1. Enumerate the pairs (first residue in the stretch 264-280 and among the polar types (S, T, N, Q); second residue anywhere and modelled with pLDDT under 80) with beta-carbon separation below 6 Å, excluding pairs fewer than 6 apart on the same chain, so at least 6 apart or on different chains.
2. Starting from residues that are among the β-branched types (Val, Ile, Thr) and without any contact (Cβ under 8 Å) to a residue 60 or more places away in the chain, keep the ones in the stretch 160-200 and report whichever is surrounded by the most Cβ atoms within 10 Å (Cβ to Cβ).
3. Quick check, is Ala52 more than 16 Å from Lys96 (Cα to Cα), modelled with pLDDT under 95 and in contact with a helix residue (DSSP H, G or I) (Cβ under 9 Å, 6 or more places away or on another chain)?
4. Against the definition (at pLDDT below 90 and either out of contact with any helix residue (DSSP H, G or I) (no Cβ under 9 Å at 6 or more places or on another chain) or assigned to a helix (DSSP H, G or I) (or both)), how does Val84 come out, yes or no?
5. Taking interchain pairs and intrachain pairs at least six residues apart, which have beta carbon atoms under 6 angstrom, with the first residue in the stretch 40-54 and polar (S, T, N, Q) and the second surrounded by 23 or more Cβ atoms within 10 Å (Cβ to Cβ) and assigned to a helix (DSSP H, G or I)?
6. Do you know which residues across the stretch 142-159 are surrounded by 15 or more Cβ atoms within 10 Å (Cβ to Cβ) and in contact with a helix residue (DSSP H, G or I) (Cβ under 7 Å, 6 or more places away or on another chain)?
7. Within the stretch 55-68, track down each residue that is more than 17 Å from Ala232 (Cβ to Cβ) and touching a helix residue (DSSP H, G or I) at 6+ places or on another chain (Cβ under 6 Å).
8. Looking at Leu201, Leu160, Leu167 in this structure, which one is over 18 Å from the mean Cα position of the chain (by Cα) and of a type outside the set (Gly, Ala, Ser)?
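The values are calculated or read from the model by the stated rules, or taken from the named source; none is laboratory data. All of these numbers come straight from a predicted model, not from anything done at the bench. A quick note on method: Cβ atoms are made from the backbone with ideal geometry, for glycine too, and the neighbour counts reach across all protein chains shown.
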Amino acid sequence: MMSNPTAVEQTTGKKNLLILHSTVFIWGFTGILGAAISIGAVTMVWYRVLIATLALWIWFILSGKKYRTDRKNLLKLFGVGGIVALHWIMFFQSIKTSTVSVGLVCLSSVTLFTSFLEPLLKKQRIHKGNVIVGIIIILGIILIFKFETGYAWGIAAGLLAAFSASLFSTLNSKLVNKQEPVVISFYEMIAAFVWISIYRLFDGSLLQERFDLSASDWLFLLVLGTICTALAYVLAVGVMREFSAFTVALVTNLEPIYGVLLALLIFGAKEQMSLGFYAGACLILAAVFLYPMYLKRRAGRHLNRPKNTVAKQA
């Protein structure tokens, strides 16, 4: 008796969608770990990238995958790795100086920066829809700043984290055409570790590092470096190729929602914010969800346009 290919495809699709949601949920959990780990943001990210690098190296050995790259790509990856390090440091600094909710909602503004950075770096025209989405996000950020003045530094760090995330994502979108995503991640983890180590050498903290963390810090760091970084990335690479960019963007936008709900559940009253914050957060999240829908609609209009019209506008 032959199996039904359609049923098999549907089962595989549901499984991959579940893996994608699980991956985004894990990413949302990083903010919780950042708040729970007692050490500072710079040291925390230093441990994170060290553990993630070792975990990915073990994964390469076990899977038999090659991770070599040429010198030109290596230099580019080391440059981007520095931006990755800045992104994670600013993200955790935002959480340390404010709350998990503030850090995650500010990180959602990555859509704002990408809508302008990507066209500029790729020398493309900035579309009107990008500007409208950007204005909505800016209004949300203004609302949050107005009602959460006590978290000004945390909000500023969160926005810098979003900007750096947008920058390295845009740069990686060019590199991914020449190198496997997992290989890119591996070398960027190494680069992030090297850059942070250099910084820690200059401020003297690396020479004083005694590796005498508490048992809970070690446990949370291991989870952060292996499950939330290395494993989540490998899962994401394997699954995201099965879906359209629209589906991936829509599911990924759930990260701050998962994170905020987890923070409220775990930290309780500490994570409760003003109504102004939630109003601003709703504006930002609405824009973030509407953006991929706008992109899909715009792409559909472009495909349905007559060829002679497209040729005239090219």
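1. The qualifying pairs are Ser274/Phe147.
2. Thr170
3. When the stated conditions are applied, Ala52 passes them.
4. no
5. The qualifying pairs are Thr53/Met189.
6. Across the stretch 142-159, the qualifying residues are Leu143, Ile144, Phe145, Phe147, Glu148, Tyr151, Gly154, Ile155, Ala157, Gly158, Leu159.
7. Across the stretch 55-68, the qualifying residue is only Tyr67.
8. Leu201
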